[in-house]
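For reference, the structure discussed in these notes is given below.
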Amino acid sequence: MSAAAMRPATLVDILPPVRGRVQADAPLAPFTWFRVGGPAEVLVRPADEQDLAHLLSELPLDVPVHVIGACSNLIIRDGGLPGVVIRLARGFGAIEVEADGVIAGAAALDATVAERAAAAGLTGLEFLSGIPGSVGGAVVMNGGAYGGDMASCLDWADIVSRTGERRRLTAADLAFAYRHSRLPYGAVVVRARLRADRGVPAAVSARMAEIRKAREASQPVRTRTGGSTFRNPAGMKAWELIESAGCRGLTRGGAQVSEKHCNFLINSGGATATDLEGLGEEVRRRVHAATGVWLDWEIHRIGVPAPGVRMGWSE
């Protein structure tokens with residue numbers, strides 16, 4: 001018997017065949033805006049929606065599945081992600097402009113959707129130019145900025161369920177709330193239709209330029225960051241609470257609370273995911289001690305800690 005035949009089966013050995021790319025022990029840090037985190041046990045990049053549906057329908061239900069997109073609002077812990085990590089790429093990035101809206105694939109960047117809508121003279125989607133992510137993530141999190149959010153413009157989203165079933169969900173089905181949608185567990189968003197109105201192209205472009213300028217002026221957009229770290233509590237601003245607790249500029253290892261906008265964490269060089277998450281938890285503790293308010297994470301944190309690291313904070 002050959003050495004290969006004697007080797008215990010691994011997850012990549014039991015995956016259903018796909019037309020897309022499959023990679024075992026795949027580095028994920030290069031995909032994330034923070035540039036930190038451990039590897040995926042198996043990374044799959046499905047060729048298209050049919051390929052994705054086949055993968056999920058044939059994949060044993062006890063295999064964990066994670067979906068990543070632009071990774072702009074994500075910390076992947078240093079021990080990596082067990083199971084299958086799905087990254088939607090080329091086959092999910094199409095953008096179709098209609099007379100009163102846009103149909104965009106889940107991998108399409110929010111800013112690109114805003115630009116295509118503006119070029120067609122459509123208004124109502126300018127806010128997307130201020131969200132550094134992809135359409136799929138924006139649907140999942142009800143992404144919003146600068147006076148708009150997905151709840152205000154989404155007609156429907158197409159999903160593939162964990163069992164491979166393809167469905168279309170309305171905004172009512174998704175029951176949007178602040179930075180939240182009621183997406184079925186394990187489902188993957190593959191495209192969405194966003195409503196828009198006819199507008200004056202020059203005015204739409206001017207509004208997008210205004211958003212870009214405001215974002216550049218107020219946020220550390222040229223650093224390794226992950227967007228807004230904590231949700232705004234009702235009637236309050238997270239950054240003001242962080243400021244009042246004296247956390248601006250606070251550091252842990254290579255992680256730092258941004259001096260420019262203190263609701264942003266940055267990798268100032270050599271940070272680990274443990275540094276970033278631990279710093280965020282220290283900010284939460286200090287804000288609670290100073291104000292009595294517990295901040296809720298807006299950044300998603302997934303995966304397992306590095307070997308030997310004990311998690312002393314909330315999951």
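The values are calculated or read from the model by the stated rules, or taken from the named source; none is laboratory data. The structure presented is a predicted model; accordingly, all values stated were derived computationally and were not measured. In this analysis, Cβ positions are derived from the backbone assuming ideal geometry, glycine residues included, and neighbour counts consider all displayed protein chains. The accessibility values were calculated without ligands, DNA or RNA, using every heavy atom of the protein model including side chains. Shrake-Rupley method; radii C 1.70, N 1.55, O 1.52, S 1.80 Å.
Quick one: compute the contact order of the chain, relative version, from alpha carbon pairs under 8 angstrom and 6+ residues apart, as a percent. Show your work: numbers first, answer last.
Values: 703 pairs, mean separation 54.8, N = 315.
Over the chain, the number comes to 17 percent.
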Near the amide H of E298, under 5 Å away, which other amide H atoms are found, from residues 5 or more places off or on another chain, if H is placed in the peptide plane?
-> F230, R231
Size of the range 209-304 as Cα extents on the principal axes (Å, biggest first) | 39, 35, 24
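Using Cα pairs closer than 8 Å and at least 6 residues apart in sequence, work out the relative contact order for the range 199-268, in percent. Kindly include the intermediate steps, with their values, before the conclusion.
Working: 74 pairs, mean separation 23.0, N = 70.
Relative contact order, the range 199-268: 33 percent.
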Please identify which residues in the range 95-109 have an amide N closer than 15 Å to a label point set 7 Å out from the Cα of R198, following the Cα→Cβ vector.
-> 98-101
Just name one of S244, V204, A187: the one whose Cα is farthest towards the positive end of the charge dipole of the chain (beta-carbon charges, Lys/Arg +1, Asp/Glu -1).
-> S244
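Taking the Cα centre of the range 100-166 as origin, work out the dipole magnitude from +1 charges on Lys and Arg Cβ and -1 charges on Asp and Glu Cβ, in debye rounded to 20.
On the way: 3 positive and 8 negative charges, 38 e Å.
Dipole magnitude for the range 100-166 comes out near 180 debye.
Expected output is a single nm value to one decimal: the length gained when fully extending between A47 and M236, i.e. 0.36 nm times separation in residues minus the C-alpha distance. What is it?
63.7 nm
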Global geometry of the chain, whether rounded, prolate or oblate, following the gyration tensor of its Cα atoms and the 1.5 cut on a/c | oblate
Rounded, prolate or oblate: which fits the range 92-147 when a ≥ b ≥ c are the square roots of the eigenvalues of the alpha-carbon gyration tensor, with rounded for a/c under 1.5 and prolate only if a/b beats b/c?
-> oblate
Contour minus end-to-end for A94 and L61, with contour as 0.36 nm per residue of separation and end-to-end as the Cα-Cα distance?
-> 8.9 nm
Tail weight of P(r) past 21 Å, computed on alpha-carbon pairs of the range 104-201, percent = 26 percent
Of every hundred units of 1.4 Å-probe accessible area on the range 28-146, the number belonging to carbon and sulfur atoms, as a percent, is 54 percent
How much accessible area per residue does the range 98-252 have, in Å², with a 1.4 Å probe?
-> 45 Å²
Specify whether the C-alpha gyration tensor of the range 2-108 places it in the rounded, prolate or oblate class, a ≥ b ≥ c being the square roots of the eigenvalues: rounded for a/c under 1.5, otherwise prolate if a/b is larger than b/c and oblate if not.
-> oblate
Those residues of the range 96-111 whose amide nitrogen sits under 17 Å from the label point placed on R212, 7 Å along Cα→Cβ | 109-111
Quick one: if you stick a label point 7 Å off each Cα along the C-beta vector at R162 and I14, how many nm between them?
-> 1.6 nm
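With +1 on the Cβ of every Lys and Arg and -1 on the Cβ of every Asp and Glu, and nothing else charged, how large is the dipole of the chain about its Cα centre, in debye rounded to the nearest 20?
Values: 35 positive and 33 negative charges, 97 e Å.
For this selection, approximately 460 debye.
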